[in-house]
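The values are calculated or read from the model by the stated rules, or taken from the named source; none is laboratory data. A quick note: this is a predicted structure, and the numbers were derived from the prediction, not measured. Neighbour counts are summed over all protein chains in view; Cβ atoms, including those assigned to glycine, are modelled from backbone coordinates with ideal geometry.
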Amino acid sequence: MEVKKHNSNRKLKQKDKNYNDMCRLCMAKNAKVPIFPEKDELKLDKEPPLVCKIMSSVNIQMRKDDGLPSHICCNCASKVQSTYDFLRLCEMSDSFLRQYLDFGLDISWVFRYSELLRVIDRTEEYSSDEQ
């Protein structure tokens, strides 16, 4: 019997505008960035959906039908993207350094690769600021 009461409370909260406008990550008001992509967005976007970036960066599970807010604020969206980019950079660097170690590459290539990653990172920051 208590389970039904809990479920009905969840449905009431979902209808509350303040609850729906809350950022799922920091609970700030006026969250506008959708966490879950529309089906047609999945085909066009080369990057993983925001929900995947969040779950790969922090230890929380998200489902569209879990009754929790489905948006995040712009501040959290920016932090998620930065964290995601940093994690990818770390993974790429680790992979390259392991290849350097395994194949005995010249250390000058490691430094060139490192500088290239910094240039790419700055270019991506510039292009994302324009949008």
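Among the listed residues Ser82, Ser78, Ser127, identify the single one that is loosely packed, with under 14 Cβ neighbours inside 10 Å, over 29 Å from Asp16 (Cα atoms) and either of a type in the set (Val, Ile, Thr) or at pLDDT 75 or above (or both). Break it down into steps so the answer makes sense when it comes.
On the way: Ser78 fails: over 29 Å from Asp16 (Cα atoms); Ser127 fails: either of a type in the set (Val, Ile, Thr) or at pLDDT 75 or above (or both).
Unique residue meeting the criteria: Ser82.
Go over the candidates Ile120, Ile54, Ile72, Ile60 one by one and state the one that is among the hydrophobic types (A, V, I, L, M, F, W, C) and at pLDDT below 75.
Ile120
For segment 53-79, enumerate the residues that are basic (Lys, Arg) and assigned to a helix (DSSP H, G or I). First the steps, then the outcome.
We begin by selecting, within segment 53-79, every residue basic (Lys, Arg); these are 53, 63-64, 79.
Within segment 53-79, Lys53, Lys79 meet the criteria.
If you take the residues of segment 12-42 that are closer than 24 Å to Leu87 by Cβ and modelled with pLDDT under 90, which of them is surrounded by the fewest Cβ atoms within 10 Å (Cβ to Cβ)?
Leu42
Give me a count of the residues in segment 49-98 that are closer than 15 Å to Pro37 by Cβ and touching a Cys at 6+ places or on another chain (Cβ under 6 Å).
Final tally of qualifying residues: 1.
Mind listing whichever residues of segment 67-117 are over 23 Å from Ala28 (Cα atoms) and hydroxyl-bearing (Ser, Thr, Tyr)?
Ser93, Ser95, Tyr100, Ser108, Tyr113, Ser114
Could you list all residues from segment 43-75 that are β-branched (Val, Ile, Thr), touching a strand residue (DSSP E or B) at 6+ places or on another chain (Cβ under 8 Å) and surrounded by fewer than 18 Cβ atoms within 10 Å (Cβ to Cβ)?
none
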